[in-house]
Amino acid sequence: MPKATNYFEEAIVVCKDADPNVACIAETLYQRMLSESVDKTPLPRTSFNMLYFIQTVIRLWQEQHAKVHLESETFPYNCQPIKGACWPNASGFSGRQSDLVHRFVEEVNADSVEWGDEFDVEYAVRILLLTFDDDFNLRSPIDVKNQKEADFDYWLAGFNTQSDVPRCSGAIGDTAMITAILETKDGEMIGRSGRPGNEQYLIRHESDLSKLSLLSEIDYEVFAKSDMVELIGELMDLQKTVGQEEQLHIDEIIKMAVRCRDEDGLTLTFTTFD
């Protein structure tokens, strides 16, 4: 299914590209983003297509280094469309730095489509300027000696899911909410249920909750008829651990799941993008 995530797994493929320039730039950008996230500096305020970001930067770098021939047979990789958001104030930059920012912003604007995933341009520009000098050459590499495996897990789990991350105008709402939607395979909605803050108890990471562990604040998950028996069981177990209001909300979801189990041609989707 289409994804509305940070495209972490896809971006990491670029870090392993056969061309050393492609791989080096991708790895350096990734390490810079990881370093920024671990240091708790401002994070993206929308979804952030990491694959698009890395490939766009490499494309612009190649324009500035025209004599360098890329040896990759796979770059660029297929990438989901984006829609620029949180645009930076161009007056805040000067000289060669302004030229670099202008070229990147211009590229994102040209690539943006109305139906694309929102892309935090201001965050991207900050990472770009931290990674490259004014001549579009890589700055000193990030020191990764002290990075822990937990940092990698933190990043993989989604680096813009913290509740204290500010959202920009037009982005996902300030209050997170997962909406469960029962619909036909043709997209006709049959029922829905949501409750502000329900991500705090619906998103589970226990290994024995294989269905609920798939839910995310930055993605959506579609369950089919074959998933319902297991999903209903997990929801019923979850009901026993929460308060009365939460139980009523979960009961609404269970009723939709039962209908999805008993009728053909239905799906149950959990999403924050609603």
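The values are calculated or read from the model by the stated rules, or taken from the named source; none is laboratory data. Bear in mind the structure is a predicted one, so any value in this text is a computation, not a measurement. FYI the Cβ positions are ideal-geometry reconstructions off the backbone, even for glycines, and counts take in every protein chain you see.
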- Considering each of Val113, Val108 in turn, give the residue that is modelled with pLDDT of 85 or more, closer than 19 Å to Trp61 by Cβ and assigned by TED's automatic domain parsing to the domain that holds Asn137. Val108
- Task: Working carefully through the options Phe136, Phe152, Phe159, find the one that is in a loop (DSSP other than H, G, I, E, B), within 16 Å of the chain's Cα centre (by Cα) and at pLDDT below 90.
- Result: Phe159
- Note on the structure: Sole miss for Ser216 among (1) in a helix (DSSP H, G or I); (2) modelled with pLDDT under 90; (3) among the polar types (S, T, N, Q) is condition (1)
- Query: In region 239-257, is there at least one residue being hydroxyl-bearing (Ser, Thr, Tyr) and over 27 Å from the mean Cα position of the chain (by Cα)?
  - Reply: yes
- Matching residues, region 195-223, being out of contact with any helix residue (DSSP H, G or I) (no Cβ under 8 Å at 6 or more places or on another chain) and either of a type outside the set (D, E, K, R) or surrounded by fewer than 16 Cβ atoms within 10 Å (Cβ to Cβ) (or both): Pro196, Gly197, Gln200, Asp208, Ser213, Leu214, Ser216, Ile218, Tyr220, Val222
